[in-house]
1. (1) closer than 22 Å to ALA180 by Cα; (2) touching a Pro at 6+ places or on another chain (Cβ under 9 Å); (3) among the acidic types (Asp, Glu): which one isn't true of ASP321, the others all being true?
2. Is the range 97-118 home to any residue that is modelled with pLDDT of 95 or more and part of a helix (DSSP H, G or I)?
3. All but one of (1) free of Cβ contacts under 8 Å to residues at least 60 places away in the same chain; (2) surrounded by fewer than 24 Cβ atoms within 10 Å (Cβ to Cβ) hold for LEU255; state the number of the condition that does not hold.
4. Report yes if some residue within the range 220-229 is touching a strand residue (DSSP E or B) at 6+ places or on another chain (Cβ under 8 Å), assigned by TED's automatic domain parsing to the domain that holds ASN304, closer than 23 Å to VAL160 by Cβ and in a helix (DSSP H, G or I); otherwise report no.
5. Criterion first (within 29 Å of TYR226 (Cα to Cα) and not basic (Lys, Arg)) does GLN30 satisfy it?
6. Taking helices (runs of 4 or more DSSP H) that fall entirely within the range 289-366, which contain at least 3 residues that are outside the structural domain of PHE433 (by TED's automatic domain parsing) and closer than 13 Å to MET421 by Cβ?
7. Among the residues of the range 53-78, what is the count of those that are modelled with pLDDT of 90 or more and surrounded by fewer than 17 Cβ atoms within 10 Å (Cβ to Cβ)?
8. Under 9 Å between Cβ atoms, at least 6 apart or on separate chains: pull out the pairs that start in the range 467-481 with a residue that is over 12 Å from ALA594 (Cα atoms) and end on any residue that is among the charged types (D, E, K, R) and assigned to a helix (DSSP H, G or I).
Amino acid sequence: MMLNDVVHRVTRRIVERSTDSRRRYLDLMQREGDGHAERIVALPCSNLAHGFAAAEQDKESIATRAGPNIGIVSAYNDTISSHQPFGAYPPQLKIWAREVGATAQVAGCTPAMCDGVTQGQEGMELSLFSRDVIALATAVSLSHAMYDGVAMLGMCDKIVPGLLMGGLRFGHLPTLFFSAGAMPTGISNKEKQRVRQLYAEGKVTRAELLESESASYHAPGVCTFYGTANTNQMMLDLMGLTLPGAAFIQPGTPLRQALTRASMHRLAAISRPGNEHRPLARCVDEKAVVNGIVGLLATGGSTNHALHIPAIARAAGIIVDWSDMAELSKAVPLIARVYPNGAGDVNHFQNAGGLGFVVGELLGAGLVHRDVTTVWGDDLSAYAQEPWLDADALAWRDPGPSGDDTILRGVAAPFQADGGMRLVQGNLGRACFKTSAVERERWTMEAPARIFHTQSDVAKAFAAGELDRDVVVVVRFQGPRANGMPELHKLTPILGVLQDRGHRVALVTDGRMSGASGKVPAAIHCTPEALGGGPLSLLRDGDLVRLRGEEGVLETTADLTGRDPAAYVEDQTGTGRELFGMFRRLADGAERGATAMLAEGGL
């Protein structure tokens with residue numbers, strides 16, 4: 001199948017736009033790669049002795065460079081359910097490395113926060129910039145110059161993007177991502193949503209709400225809704241940075257262990273000099289980035305990746321913007337509906353055919369690049385298969401047709417003719433609208449604005465009955481430079497209740513919504529942000545706001561000329577927020593990835 005014209009055109013535009021920055025990046029990686037072996041050989045004996053002092057039986061192999069030494073960068077902690085299994089990985093990975101003549105050391109650990117724990121709390125204002133901290137921690141971990149390859153242990157929201165951004169600055173090293181898998185399915189998502197809305201209306205107790213939430217988030221593994229964490233796993237698969245089909249296999253199963261072992265064996269193989277050597281910088285190119293975007297659109301993935309993909313791309317010298325995503329969205333059909341866009345969770349998605357089915361459909365329609373370098377080979381075709389155990393041996397097979405057409409459909413009969421995300425723009429700036437999560441009749445919205453500066457103020461107005469009408473709720477001063485661009489997931493049940501009461505409701509904000517948001521139309525990541533005089537700072541209560549997903553419009557009929565920006569009183573102290581002032585001051589706009597690290601230096 002020939003490549004789709006739109007995919008080809010957008011890829012060429014990205015290549016041309018990125019010519020200078022990509023060349024600088026590849027030149028840097030070439031210099032780093034050329035000097036890498038020399039640095040290891042020339043490492044003074046005292047330095048080297050420090051590096052393997054605790055390596056026990058692996059000392060001699062590391063000292064003599066008998067085989068590749070793999071650096072493990074782990075985001076393990078016990079608070080994040082999906083990362084809890086990673087605690088057992090390093091001892092196992094060391095054994096599996098020795099099986100193929102390699103060694104492994106934990107190079108370092110990164111912080112890892114759970115947005116589910118911090119939603120609606122002050123800690124959420126650290127969330128987005130934790131991605132930059134993770135990238136920096138990854139760089140510190142790999143700064144010892146003792147490693148020939150990198151095993152990345154991470155799954156969740158800002159963690160995979162941060163690991164990848166940091167890893168790309170060491171892109172001369174082969175790198176493979178390890179998943180821990182999805183937790184088993186708990187109560188139905190529909191029931192969880194029902195209890196949340198009842199609690200928002202004061203109709204169930206906190207104890208009843210906690211019981212419901214605990215029946216949903218109940219075991220090790222990634223949360224089963226298709227939010228940012230599971231979108232990360234999809235992206236790694238579509239970009240060929242993990243073993244084919246490894247994303248959603250549950251923790252503690254024989255298949256999960258077989259995939260982890262095979263991942264280490266494969267990483268050792270691609271970390272040796274020779275024909276199989278494949279540095280990360282070679283794997284993450286313009287085609288791989290486009291494949292990740294197409295996967296995002298085809299599966300209705302997390303809106304957070306409208307920030308993460310541009311930031312990841314920039315770390316590899318590639319420049320991507322929302323116009324690229326919007327144009328691809330017109331060509332890429334929505335072929336998956338996973339909660340919050342549908343009833344089933346990622347376990348149902350996996351059972352219906354999973355990413356193997358998705359990749360096969362996209363390849364068959366010419367919607368992704370087949371000719372890409374992956375950790376597994378030089379062709380994406382292997383990712384159109386699913387892993388299984390043939391007796392005790394790990395193998396791959398064709399997933400066959402969709403096992404549930406309410407969750408997965410072919411390109412010929414999609415849920416929606418275009419992708420799951422749209423660019424809306426006008427005199428209020430540019431913003432993202434996840435149309436795949438919203439009923440089509442709600443894509444067009446026009447109502448008076450009600451302006452807020454915090455989620456808690458929205459909640460107070462709701463409790464007072466002030467929002468029982470058609471309304472566009474505008475929550476501003478939530479951008480990266482104002483307060484770190486927190487997710488505003490606390491608003492989802494409130495706005496859902498208003499919509500269920502028959503009102504026409506929408507959200508407009510320069511903040512983020514959770515990767516699990518849906519149902520209510522929302523223009524998010526508005527840029528320029530309100531702080532500094534962005535258009536949202538000029539809106540007033542009662543101004544008529546139009547959101548039109550079909551036409552890609554975000555505007556007000558009010559004349560903003562001559563208005564003074566609203567005042568914003570910044571109080572970024574407590575919960576360590578004062579330590580992140582540098583990140584807020586240096587942060588780029590949302591469309592450039594909202595990152596502080598790459599704002600300087602021309603990347």
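1. (1)
2. Yes, the range 97-118 contains a residue that is modelled with pLDDT of 95 or more and part of a helix (DSSP H, G or I).
3. (1)
4. Yes, the conditions are met somewhere in the range 220-229.
5. So GLN30 fails the test.
6. 305-315, 322-331
7. Final tally of qualifying residues: 8.
8. So the pair list comes out as VAL475/ASP457.
The values are calculated or read from the model by the stated rules, or taken from the named source; none is laboratory data. Here the structure is a predicted model, which means the values were calculated and not measured. Every residue, glycine as well, gets a Cβ built from its backbone with ideal geometry; the counts of neighbours run over all protein chains shown.
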